[in-house]
Amino acid sequence: MLAKGAMPVVAYPVAAFLLSLLALFWSVPAAIVLVIVFGALAALTVNFFRDPDREIGKGLVSPADGVLNRAELTESGAYFSIFMNVHDVHVNRAPWAGRVIEVARLSGGHRPAYEKDAARNERVRITIEGSLGPVAVTQMVGIVARRILPYVSAGKMLRKGERIGIIRLGSRVDLFVPSTNLEPVAGKGDRVLAGTTTLARVLKGGDGG
């Protein structure tokens, strides 16, 4: 299954691959090289924009695929940060059920997503009001990633694990939950899957989804 919003990007390498096949059929010199190059590019692009179905996990779930770079519970709430590599699924999901109260696009730079200063990069912050308070999911661009496509708008009711947007070509997703009613179960360095991996157990208030 291809991610929503993928076709404008996927169409170009796939079309180039099909044209190279025609060139091969017509015995155009060097056509085999074009078939290999554009075939590989098309395969990589389609793989990047894959959007598999997921079994939704318990508790507070990860909003993104990748490696957990931060997992911290403070007096103000819980902070998580996930670095997404180019081979990860880039469709992001709601970590908790609730109503979208804001989708804000914020201008900024294009620092490497793994750096601390990347928090000031261009980003989209999706705030979901639920039983844990206003949960903020922040999608950030990086050096290569230059396009964030939200799937939701203010007022939409979300189920936990529902798709909320995509970042094209790698980057980072931060999550802030303004509640201390959590017990983190995932730690820094863990690989996580959007919608499936439990980041924290909820001590009170049910499963939220």
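Things to note:
- Evaluating TYR79 against the criteria (1) modelled with pLDDT under 95; (2) assigned to a strand (DSSP E or B); (3) of a type outside the set (Val, Ile, Thr) leaves one unmet condition, (1).
- Exclusive hit being at pLDDT below 95, more than 13 Å from VAL91 (Cβ to Cβ) and out of contact with any His (no Cβ under 8 Å at 6 or more places or on another chain), set THR180, THR197: THR180
- Test: residue in the stretch 18-29 that is part of a loop (DSSP other than H, G, I, E, B), within 17 Å of the chain's Cα centre (by Cα) and either among the aliphatic types (A, V, I, L, M) or modelled with pLDDT of 75 or more (or both): no
- If the condition is being surrounded by fewer than 17 Cβ atoms within 10 Å (Cβ to Cβ) and either modelled with pLDDT under 95 or hydroxyl-bearing (Ser, Thr, Tyr) (or both), then the stretch 151-163 contributes only SER153.
- The stretch 36-48 residues that are touching a residue at least 12 places away in the same chain (Cβ under 8 Å), paired with ones that are of a type in the set (S, T, N, Q) (beta carbon under 7 Å, 6 or more apart): PHE38/SER20
- Screening the candidates VAL37, VAL9, VAL28, VAL33 for the property of being within 17 Å of ILE166 (Cβ to Cβ) and among the β-branched types (Val, Ile, Thr) yields one hit, VAL9.
- The residue that is farthest from GLY195 (Cα to Cα), among those in the stretch 40-58 that are touching a Pro at 6+ places or on another chain (Cβ under 9 Å) and crowded, with 17+ Cβ neighbours inside 10 Å, is ALA42.
- Scanning the stretch 71-111 for residues that are surrounded by fewer than 20 Cβ atoms within 10 Å (Cβ to Cβ) and under 15 Å from ARG168 (Cβ atoms) yields ASN85, VAL86, HIS87, ARG105, HIS110.
- The stretch 184-197 residues that are under 12 Å from GLY59 (Cα atoms) and in a loop (DSSP other than H, G, I, E, B), paired with ones that are among the polar types (S, T, N, Q) and modelled with pLDDT of 95 or more (beta carbon under 6 Å, 6 or more apart): VAL185/THR198; THR197/SER62
- Members of the stretch 163-175 found to be outside any loop (DSSP other than H, G, I, E, B) and closer than 25 Å to ALA71 by Cβ, listed by number: ARG163, ILE164, GLY165, ILE166, ILE167, SER171, ARG172, VAL173, ASP174, LEU175
- Looking only at the stretch 51-72, and only at residues there that are among the aliphatic types (A, V, I, L, M) and in a loop (DSSP other than H, G, I, E, B), the one that is farthest from the chain's Cα centre (by Cα): ILE56
The values are calculated or read from the model by the stated rules, or taken from the named source; none is laboratory data. Since the structure is predicted, the reported quantities are computational estimates derived from the model, not experimental observations. Every residue, glycine as well, gets a Cβ built from its backbone with ideal geometry; the counts of neighbours run over all protein chains shown.
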